[in-house]
Amino acid sequence: MSKVPAWLGQVGAELTRIGERLDQRRAEAEEEERPVPRTAPESVPPPPVYAPSVGAKPDPVAAIPWGMRVAGEAAWRLLVLAGLLWVLMRVIGAVQLVVMAFAAGLLITALLQPTVAWLKRYGMPRALATALTAVAGFVLMALVGWFVVWQVMENIDDLSNRVTDGINELKRWLLDSPFHVTEGQINDIAKTLSDAVGSNTEKITSAGLQGLTVIVELLTGIVLAMFSTLFLLYDGRKIWHWTLKLVPAQAREGVAGAGPRAWSTLTAYVRGTVLVALIDALFIGLGLYFLNVPLAVPLAVFIFLGAFIPLVGALVSGALAVVVALVTQDVFTALMVLCVVLGVQQIEGHVLQPFILGRAVRVHPLAVVLSVAMGSLVAGIGGAVVAVPLVAVTNTVVGYLRAYSAERALPKPPAQDPATPSSPPSAASASPSPPPSSSPSSSSGEAPEPPAATPSARPATATATAEAGDGRE
């Protein structure tokens with residue numbers, strides 16, 4: 001019995017040690033879970049005296065020169081614009097027939113719209129005035145085309161005989177010339193040409209089949225142009241208002257002001273070009289007639305159509321007239337035709353175009369040549385015809401928008417408080433105003449010119465401009 005208390009003492013001591021160990025481990029676990037406070041970083045010792053000094057690296061943005069940063073900012077924006085232009089050109093190329101037909105209808109509308117406005121001023125209903133003008137214009141164009149075809153068919157036999165005589169005369173001149181050309185060489189050239197035509201019969205046949213496709217597309221384009229012209233003449237204002245609704249509200253005011261000016265430039269270009277082309281065709285046609293050149297009337301019509309392609313069209317049509325005179329007549333007649341063509345074109349370039357077209361559609365000759373070249377590469381002859389008026393309209397729109405932006409950038413004058421008394425009137429303002437009957441506008445029966453709109457009244461001016469549409473009314 002004496003061992004029992006000793007054993008119980010050992011057990012109690014052991015339990016006490018186990019409790020102490022558990023308390024110790026619990027304290028260690030709590031110490032590990034407790035967040036360690038951040039101590040202040042140790043100060044970096046200064047470098048030794050013998051170590052080289054190392055400066056801080058500059059900001060990468062500040063390290064790039066300002067000019068390079070501006071060039072980079074402009075470059076990616078130009079890339080985005082170039083991508084949009086490429087996509088637009090691909091879309092236009094996919095629907096080229098529709099685009100060219102609508103462009104032709106727009107040009108014809110600019111030519112016929114003054115007639116519709118003139119008939120409306122005399123009380124004729126809009127629908128009747130539009131129908132009469134469109135029918136008369138299309139009938140006149142059809143008659144001109146029929147007359148040209150008729151003249152060509154009537155003179156084709158005489159022209160072929162004269163061409164044959166001209167080729168024989170050229171052959172005799174080559175035989176007698178100092179170039180020592182023999183008749184055998186001339187016959188070899190003729191045989192080579194004949195063999196080339198015979199070997200390419202398949203290509204000529206396929207080209208004929210493609211010609212049928214071109215004729216179908218041409219007729220389709222003519223029908224689309226006629227419908228476009230008819231609806232533009234009748235609903236031009238509604239179409240313009242609908243187009244304005246597609247423009248964002250922030251830019252609608254500027255576009256509403258640029259639209260009528262663009263339309264004025266286009267109409268001035270079309271009317272002036274038609275008048276200049278008519279004068280060119282008339283005088284050159286008279287020169288060809290008095291010089292007894294065959295197909296004088298068809299050549300005059302071709303010169304009229306060629307005038308719609310500035311610079312290039314006049315050159316090609318004049319060269320064709322000279323070649324026809326050389327083949328059908330003689331060298332002297334060809335030189336006289338060349339003098340007539342050059343004289344008329346010089347009068348056109350230095351007198352007619354500056355006087356008729358004026359400053360409204362003035363485009364630099366380099367811009368004309370480049371636009372005609374790019375238009376012909378993109379869309380052929382139709383692109384060459386549309387290129388110059390497109391450049392003229394773009395020039396007008398950009399100039400107006402630049403002036404409009406500069407005007408909006410000007411600081412607005414502070415609004416005058418109604419409670420503030422106004423300054424005493426000056427002697428000029430205190431003088432009595434002249435009676436209304438003394439003004440020219442009152443004597444002529446016209447309304448006086450309204451005062452210039454202030455910057456605060458610009459939205460009302462833009463609304464009135466948008467309601468006026470494109471001037472077709």
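At 4 °C and a viscosity of 1.567 mPa s, what translational diffusion coefficient does Stokes-Einstein give for the stretch 290-394, taking Rh as the Kirkwood radius over Cα pairs? Give it in µm²/s as a whole number. The estimated diffusion coefficient comes to 88 µm²/s.
Between Leu170 and Leu342, the FRET efficiency from the beta-carbon distance, with R0 = 22 Å, is close to 0.40.
Here the Karplus relation 6.51 cos²θ - 1.76 cosθ + 1.60, evaluated at θ = phi - 60°, turns the backbone of the stretch 369-382 into coupling constants of 5, 5, 5, 5, 4, 5, x, 5, 5, 7, 9, x, 5, x Hz, with x for every Gly and Pro. Of Leu107, Leu278, the order by accessible heavy-atom surface (1.4 Å probe, DNA, RNA and ligands excluded), from most exposed downward, is Leu278, Leu107. Sorting Ile347, Ile309, Ile92 by accessible area puts them as Ile347, Ile92, Ile309; the probe is 1.4 Å, largest comes first, and only protein heavy atoms count.
Across the protein chains, with a 1.4 Å probe defining accessible surface, the residues Ser405, Ser228 rank Ser405, Ser228 from largest area downward.
For the stretch 52-130, with all protein chains in place and a probe radius of 1.4 Å, 77% of the accessible heavy-atom surface sits on carbon or sulfur.
Among the protein heavy atoms, those of Met153 account for about 130 Å² of accessible surface (1.4 Å probe, every chain in place).
Along the stretch 83-89 the Karplus relation, 6.51 cos²θ - 1.76 cosθ + 1.60 evaluated at θ = phi - 60°, assigns HN-Hα couplings of x, 5, 5, 5, 4, 5, 5 Hz to successive residues, with x for each Gly and Pro. Residue ranges 288-295, 16-23 sort as 288-295, 16-23 when ordered by packing (mean number of other C-beta atoms within 10 Å per residue, highest first).
Backbone geometry of the stretch 241-256 corresponds, through the Karplus equation with coefficients 6.51, -1.76 and 1.60 at θ = phi - 60°, to 3J(HN,Hα) couplings of 5, 5, 5, 5, 5, 7, 7, x, 4, 5, 9, 5, 5, x, 5, 4 Hz, x marking Gly and Pro. Solvent exposure of the stretch 214-322, expressed per residue, is 51 Å² of accessible area, with all protein chains present and a 1.4 angstrom probe. Using the average count of surrounding beta-carbon atoms within 10 Å as a protection proxy, the listed peptides 124-132, 169-177 rank, highest first, as 124-132, 169-177. Here the calculated FRET efficiency for Asn161 and Ala409, from their Cβ-Cβ distance with R0 = 51 Å, stands at 0.10, rounded to the nearest 0.05.
Sorting 142-149, 312-319 by average packing, meaning the other beta carbons within 10 Å per residue, from highest down gives 312-319, 142-149.
The values are calculated or read from the model by the stated rules, or taken from the named source; none is laboratory data. The model shown is predicted, which means the values in this text are computed figures rather than measured ones. Virtual Cβ from ideal backbone geometry, glycine too; neighbours counted across all protein chains shown. The protein model used for the area step is the full one, side chains on, heavy atoms only, and it has no ligands, DNA or RNA in it. Shrake-Rupley method; radii C 1.70, N 1.55, O 1.52, S 1.80 Å.
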